[in-house]
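The values are calculated or read from the model by the stated rules, or taken from the named source; none is laboratory data. Since this is a predicted model, take the numbers as computed values, not measurements. Every residue, glycine among them, receives a Cβ derived from its backbone with ideal geometry; neighbour counts consider all protein chains shown. To get the accessible areas, we keep the full protein, side chains included, count just its heavy atoms, and leave off ligands, DNA and RNA. Shrake-Rupley method; radii C 1.70, N 1.55, O 1.52, S 1.80 Å.
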Amino acid sequence: MSMHYLFLGPDIALRDAKLEQLKANLFPTADSQQMDFEKLDGHKLSSEDLKVALTSAPALSIRRLVLISRAEKLSKENLTTIEKFLSDAPENPVLFLEAASWELKSDARKSIRARLQVIGAPEKEGRNVFDMMDAVCSGNTVDALGLLKDLLAQGEEAEKLIGAMVWAWSHKMRGRTSAERYKKGLLVLQEADYNLKRSRFPVREQALEIAIVKLSAMLKV
């Protein structure tokens, strides 16, 4: 089994549990974790920074751990670099890719996926919370609200939905809108989470509806 990983989906608790397990296995001390754990953002990641991360020697541990978030946004050049790195069957560093999805639309993507241990639940059939957030990010308020209603009727928990909404906003909008608008969106979702947990409305799910309306309206401006 591969010692390198591809994490798919929005289950943050599962991702964090796996990362903590890896850190416990790789790093004997807090100092070693600080020195030998590196986190990169796959969006606009420079090829030079990636190559340095994949070739640097550990400082205080046997192996380094390199986490690449938003790996679905990696450039073709970086995908080629990762494919070559994995084909050499290296033990160092341990590579952990985190992605919203991993489309097999190129030979490099297929090759990389085949060499990684995939973690995360498979995507559900039919429309889901990510389709809802696609509608939100497109300013399609009516479609987003309709899909929210359907998801709640199917038994989706509001708490899990708000967590997935935050995750989707971070992956879809960071770097695609202004920093001010991106931060404002996070504050809208934070407020929704606060209102949901404290049942601020007669119907708790209204907190999600209000967040959808606010986000959609903000992106239409």
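Measuring only protein heavy atoms, the 1.4 Å probe finds residue 106 accessible over about 40 Å². Overall dimensions of the chain, expressed as equivalent-ellipsoid semi-axes from the Cα gyration tensor (√(5λ), whole Å, largest first), are 35, 19, 17.
Local charge for residue 91 was computed over the other residues whose Cβ lies under 11 Å away, with Lys and Arg +1 and Asp and Glu -1, and equals +1.
The residue 150 and residue 91 beta-carbon pair, evaluated with R₀ = 35 Å, returns a calculated FRET efficiency of approximately 0.15.
Helices in the chain, meaning DSSP H runs of at least 4 residues, each add -39500 (n - 2.57). Divided by all residues, the mean residue ellipticity at 222 nm is -17500 deg cm²/dmol.
Cross-link partners of residue 84 among lysines, defined as those whose alpha carbon lies under 19 angstrom from its own and excluding same-chain residues fewer than eight positions apart: 51, 73, 76, 105, 110. Ignoring the sites themselves, the chain has its longest run without GluC sites (Glu not before Pro) in a DSSP loop having at most 13 other Cβ atoms within 10 Å at 1-90.
For an R0 of 22 angstrom, estimate the FRET efficiency from the Cβ-Cβ distance between residue 33 and residue 118 and round to the nearest 0.05. Please report the intermediate quantities before stating the final value.
Working: r = 25 Å, r/R0 = 1.12.
Given R0 = 22 Å and the Cβ-Cβ separation, E is 0.35.
Helix 206-220 axis versus longest C-alpha principal axis of the chain: approximately 80°, rounded to the nearest ten.
The antiparallel fraction among DSSP beta bridges confined to the chain stands at about 0%.
Among 14, 65, 74, the largest mean-square fluctuation in a Gaussian network model of the chain (Cα springs under 10 Å) belongs to 14. Taking amide H positions as modeled 1.01 Å from N, with prolines and chain starts lacking one, the residues under 5 Å from residue 39 and 5 or more places away or on another chain are 67.
Ignoring ligands, DNA and RNA, what percent of the accessible area of the chain is carbon or sulfur (1.4 Å)?
Values: 6150 of 12010 Å².
The value for the chain is 51 percent carbon and sulfur by accessible area.
Take segment 77-221 with all the other protein chains still there, run a 1.4 Å probe, and you get 54 Å² of accessible area per residue. In loop segments of segment 57-120 as defined by DSSP, the trypsin sites (Lys or Arg not before Pro) with at most 11 further C-beta atoms inside 10 Å of their C-beta are 105. Partners of residue 214 within straight-line reach, counting aspartates and glutamates whose Cα lies under 12 Å from its Cα and excluding those fewer than 8 residues away in the same chain: 191.
Between residue 55 and residue 106, full extension at 0.36 nm per residue minus the direct alpha carbon distance yields a gain of 15.9 nm.
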